[in-house]
Amino acid sequence: MAIRTDEKLSASLEDYLEAIYHLTVRQDVARSKDIANSMGVTRASVTGALRALSEKGLVHYKPYGYTTLTEKGRQAAGRVARRHEILAQFFGALLGVDAATAETAACKAEHALGPEITARLMAFVEFLSQTQDDGKDVAQQFQAYWETLNESKYPSG
């Protein structure tokens with residue numbers, strides 16, 4: 001079940017949902033302390049976000065207790081995590097950006113790009129990964145092209 005238009009999440013709430021998703025994959029539940037640590041925020045910020053996510057029916061939350069995702073929350077969080085993963089893969093594996101920069105860019109881009117662009121980028125990455133069976137490594141070809149461009153613009157020496 002998709003999040004209805006009137007239940008669109010802010011970038012911040014999507015980040016909380018994604019953090020909870022990753023924590024619950026490892027240990028079934030998320031604690032406020034763990035969410036705060038994983039996101040680098042205060043526990044008070046986490047409490048506010050958990051209340052908002054609970055009101056939207058995305059998490060089961062009780063103060064001083066554990067947090068779990070509802071089925072609706074698990075589906076929404078999975079979509080957010082997948083979008084982030086595809087963008088990081090696009091920036092890292094396809095464009096050849098270092099992993100840390102790719103992660104940072106994915107975090108920013110997943111919220112800034114509209115749904116149509118994100119969907120097309122996701123499809124493009126999946127398309128490229130499925131069509132490399134013909135022996136051509138498109139990512140490698142692009143990275144070689146990029147190096148050629150940089151060498152011609154910024155020759156060493």
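Any read-out appearing in this document is the output of simple, stated calculations on the displayed coordinates, not a laboratory observation. All figures in this text were calculated on a predicted structure; none of them were measured in a lab. Here the Cβ is made from the backbone with ideal geometry for all residues, glycine too, and neighbour counts use every protein chain on show.
Some points to look at:
- Percentage relative contact order, the stretch 30-84, counting C-alpha pairs under 8 Å, at least six apart: 28
- Counted residue by residue at 0.36 nm each, then reduced by the alpha carbon distance between them, the extension gain from Ala99 to Gln75 reaches 6.0 nm.
- Largest first, the extents of the alpha carbon coordinates of the stretch 85-153 on the three principal axes equal 33, 30, 18 Å.
- By other beta-carbon atoms within 10 Å, ranking Ile20, Ile86 with the fewest at the front produces Ile86, Ile20.
- Listed residue (Val41, Tyr64, Leu13) projecting farthest to the positive dipole end of the stretch 5-76, Cβ model: Tyr64
- Coarse-grained scattering of the chain at q = 0.12, 0.16, 0.17 Å⁻¹, given as base-10 log I(q)/I(0) from a Debye sum over alpha-carbon atoms: -0.62, -0.92, -0.99
- Remark: relative contact order (the stretch 85-153) = 39 percent; criterion is Cα-Cα distance under 8 angstrom and separation of 6 or more residues.
- Ranking Leu94, Ala123, Cys107 by Cα position along the charge dipole of the stretch 85-153, where only Lys, Arg, Asp and Glu carry charges on their C-beta atoms, puts Cys107 farthest toward the positive end.
- To the nearest ten degrees, helix 71-89 and the longest principal axis of the Cα atoms of the chain are 20 degrees apart.
- The simple Förster model, with R0 at 35 Å and r as the Cβ-Cβ distance, assigns Gln140 and Ala11 a FRET efficiency of 0.60.
- Cβ-defined net charge surrounding Gln89, 15 Å radius [Lys, Arg +1; Asp, Glu -1]: -3
- Relative contact order (%) - the chain, alpha-carbon pairs under 8 angstrom, separation at least six: 19
- For the stretch 83-104, the residues whose amide N sits under 11 Å from a probe point set 7 Å from the Cα of Phe124 along the beta carbon direction are 90-91, 95.
- Alpha-carbon centroids, the stretch 14-60 and the stretch 95-111: separation in whole Å: 22
- In a DSSP loop and with at most 12 other Cβ atoms within 10 Å, the chymotrypsin sites (Phe, Trp or Tyr not before Pro) in the stretch 20-70 are Tyr64.
- Amide H contacts of Leu69 (H built 1.01 Å from N, under 5 Å, at least 5 apart or other chain): His60
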